[in-house]
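Right, one structure below, let's go through it.
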Amino acid sequence: MILLISDLHLQEERPDITRAFLDLIAGRARDAQALYILGDFFEVWIGDDAMSPFQRSICQALRELSDSGTQIFLMHGNRDFMIGRAFCKAAGCTLLPDPSVVQLNGEPVLLMHGDSLCTRDEGYIRMRRYLRNPLTLFVLRNLPKSTRHKLARKLRNESRSQTRMKANDIVDVTPEEVPEVMQQFGVRTLIHGHTHRPAIHKLQIGDQAARRIVLGDWDKQGWAVQVDEQGFQLGAFDFVPEPQLALPNS
Ligand code: MN
């Protein structure tokens, strides 16, 4: 069995999401051969050299899962594209390029974060190209941590206020882009996240049936794709409420 998740946006401010993730990796993910994390695993990442105690604890949890025998593959999202080799080594996971084709259930499957499919948002695509440029990354990595914190905050605020103003269809994938990319990689299944619009879209590529599986973000509930002999299943699960301390009756 294989599990795929994305867009957890892990952050100290959301202990409910963190707990749900820790539950997943202590439970269902232990039985998985592999866990794929398709980006925006962390809400923010300014560098492997600037891990907070919270991020360190997540790193350790991944390490324990990987030590237990589950392979972990991690893809960058637009929030955590600064995750580097040091983190992956410590967490025991393999960095997966975006896009990547992997064999799941004997079928080639295209995995992406999904932001590169939102081509109608030209401003964003330009910004993405700039930020992922090796030279930019080099400069960013060598900025003082305080400057990186400030930059990350600025980027997040800008992205939030711009997303609010942009038309709804601009922040979704470009429909024509999907079959094109799938054809280019010779796949009939694409799995991605980013848009926070979980669904299984059936499509037609030439005379072949194809599908685009969109993972949901973890906010009100968690989302995962499970791949096993039953096929590809997209499912949501509720967060288990925090165990309450039993108070003695007064
Ligand atoms: Mn994203």
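FYI, it's all coordinate maths here, none of it is from the lab. Everything quoted here is computed from the prediction, not taken from an experiment. Because the Cβ atoms are built from the backbone with ideal geometry, glycine has one as well, and the counts that use them run over all protein chains shown.
Tabulated data
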| item | result |
| --- | --- |
| Failed item in (1) surrounded by 14 or more Cβ atoms within 10 Å (Cβ to Cβ); (2) away from the ligand (no atom under 16 Å from the Cβ), with Met165 passing the rest | (1) |
| The range 80-96 - residue that is in contact with a helix residue (DSSP H, G or I) (Cβ under 6 Å, 6 or more places away or on another chain) and in a helix (DSSP H, G or I) and, of those, nearest to the ligand (Cβ to nearest atom) | Phe87 |
| Where a residue in the range 40-67 is in contact (Cβ under 8 Å) with a residue 60 or more places away in the chain and its partner, wherever it lies, is of a type in the set (Lys, Arg) and surrounded by fewer than 19 Cβ atoms within 10 Å (Cβ to Cβ), with Cβ under 7 Å and at least six apart | Val44/Arg156; Ile46/Lys145; Gly47/Arg141; Ala50/Lys145 |
| Strands (runs of 3 or more DSSP E) within the range 167-250 that include 3 or more residues hydrophobic (A, V, I, L, M, F, W, C) and farther than 17 Å from Ala29 by Cα | 199-205, 208-214 |
| The listed residue being touching a strand residue (DSSP E or B) at 6+ places or on another chain (Cβ under 8 Å) and part of a helix (DSSP H, G or I), out of Leu62, Leu22 | Leu62 |
| Selected residue (criterion: surrounded by the fewest Cβ atoms within 10 Å (Cβ to Cβ)) from residues of the range 32-79 that are among the β-branched types (Val, Ile, Thr) and within 16 Å of the ligand (Cβ to nearest atom) | Val44 |
| Among residues of the range 174-211, those that are away from the ligand (no atom under 16 Å from the Cβ) and in contact with an Asp or Glu (Cβ under 7 Å, 6 or more places away or on another chain), counted | 1 |
